[in-house]
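Have a look at the structure below, then the notes.
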Amino acid sequence: MNTPLNLVNVTLEYPDGDGTLKALDSVDLKLNAGEYLSLVGPSGSGKSSLLAVAATLVQPTSGLVIIDGQDATGLKDSELTALRREKIGIIFQQPNLLPSLTAVEQLVISDHLRGKPVRAARKRAAELLDVVGLSASLNKRPHQLSGGQRQRVNIARALMGSPTVLLVDEPTAALDHVRSGAIVRLLRQVTDEFSVATVMVTHDTEFVPLTDSVATMRDGRISAAQPTVAVS
Ligand code: ADP
Ligand code: MG
C-alpha cells in the first residue's frame with residue numbers, strides 16, 4: 001500500500017519586500033493510513049501553508065508532495081484537479097455550505113463535480129450523513145442547522161470522494177468547548193472507519209490526546225511528529 005501523504009523537504013517561499021519569506025522551510029511529513037496527526041504552533045508559523053501544499057492547492061518552491069504514491073509536483077492543472085478530487089478531502093474552519101441546498105444536496109453536488117451518477121451519490125450522501133450523526137437532518141438547509149451540525153455536513157462532504165488524505169484547518173475555531181470535542185472525536189471515528197490519513201491544525205491542545213501524534217510548527221519548520229499519550 002502506498003503512503004497516503006509524504007512531504008519531502010518541502011520549501012514554500014513568498015516574496016516579502018526585497019527578500020523572500022519562507023512559509024515552509026525544509027518540511028518533511030509522512031502519514032500512514034488511519035493515522036490522525038495534530039499540527040500545532042503559533043499563528044503565522046506555516047500550518048495553513050502546509051495544508052495548502054499538501055492539498056496541492058499551492059505548488060511548493062522546492063521539494064516533493066507525494067499523495068498516495070503519486071508525485072503532485074510537476075502535474076498539469078487538470079491532473080492536479082483529478083488527483084485532488086480522488087484523493088484529498090479538505091475541511092476548513094468555515095463550512096462554506098451553499099445556503100439554498102439541503103444537507104444531502106451539499107454532498108451530491110460535490111460528487112456531481114466528479115462526474116458520478118446522482119442516484120448513487122444520493123445513497124452515499126445519506127449513508128455518510130448517518131455516519132456523522134445527521135440522519136435526522138438530511139433535508140435541512142444550513143440555516144436550520146447548528147454550527148456543529150454544519151461542520152458535520154462539511155466533514156461528510158469531504159468524505160464523499162473516498163479520500164486517502166483528510167486535511168482539516170482549525171475545525172473547532174467557531175465552536176464552543178463541548179461541540180469542539182465532539183468534532184475532534186468524530187474526526188477520530190472517520191479516520192479509523194475509512195482508514196484515511198488525517199492532518200488537523202488545532203489550537204485546542206486539550207483534544208490532542210484524541211489524535212495519534214502531534215507535530216509543532218515554528219517559523220515554517222516542523223518538529224518530528226511525537227506520539228500522544230492516550231487518555232483513559
Ligand atoms: P498559520 O496557518 O500557522 O497561521 P500561514 O501558513 O497562514 O500560518 O502563514 C505562514 C506565513 O506565510 C506567514 O508569515 C504568512 O504571513 C505568510 N503567508 C501565507 N500566505 C501567504 C501569501 N499568499 N502571500 C504571502 N505571504 C503569505
Ligand atoms: Mg492558519
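The values are calculated or read from the model by the stated rules, or taken from the named source; none is laboratory data. Nothing here was measured: the structure is a model prediction, and the numbers come from that model. Cβ atoms come from the backbone with ideal geometry, glycine included; neighbour counts cover every protein chain shown. What goes into the accessible areas is simple: the full protein's heavy atoms, side chains included, and nothing from ligands, DNA or RNA. Shrake-Rupley method; radii C 1.70, N 1.55, O 1.52, S 1.80 Å.
At a glance:
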item	result
Cα-based helix-to-principal-axis angle, 177-194 vs the chain, degrees rounded to 10	90
Accessible carbon and sulfur surface of the chain relative to its total accessible area, %, 1.4 Å	50
Fluctuation leader among Ala23, Ala120, Ala54 - the chain, Gaussian network, Cα springs under 10 angstrom	Ala120
Cβ-defined net charge surrounding Glu206, 15 Å radius [Lys, Arg +1; Asp, Glu -1]	0
Packing rank of 104-111, 164-171, 214-221, 135-142, where each peptide gets the mean count of other beta carbons within 10 Å, highest leading	164-171, 104-111, 214-221, 135-142
Lys87, Lys123, Lys22, reordered so the largest accessible area comes first (probe 1.4 Å)	Lys123, Lys22, Lys87
MRE, 222 nm, helices only [DSSP H, n ≥ 4, -39500 (n - 2.57), over the chain, to nearest 500]	-10000 deg cm²/dmol
Area of Thr102 that stays accessible when all protein chains are in place (1.4 Å probe, Å², to 10)	10
Most fluctuating residue given options Asp130, Asp28, Asp18, as computed from a GNM of the chain linking Cα atoms under 10 Å	Asp18
Residue-normalised accessible area of the range 1-106, given per residue in Å² at a 1.4 Å probe	47
Cα Rg, Dmax (largest Cα-Cα span) when computed across the range 1-86, Å	13.3, 45
Projected label distance in nm at Asp176 and His112, using a 7 Å step from Cα toward the beta-carbon	3.6
Binned Cα-Cα distance frequencies in the range 5-227 - 10 Å width, integer %	8, 33, 36, 19, 4, 0
Charged-residue dipole, Cβ positions (Lys, Arg, Asp, Glu), the range 145-232 about Cα centre, Debye nearest 20	180
Total lysine pairs under 26 Å (Cα atoms) in the chain, excluding pairs fewer than 8 apart on one chain	14
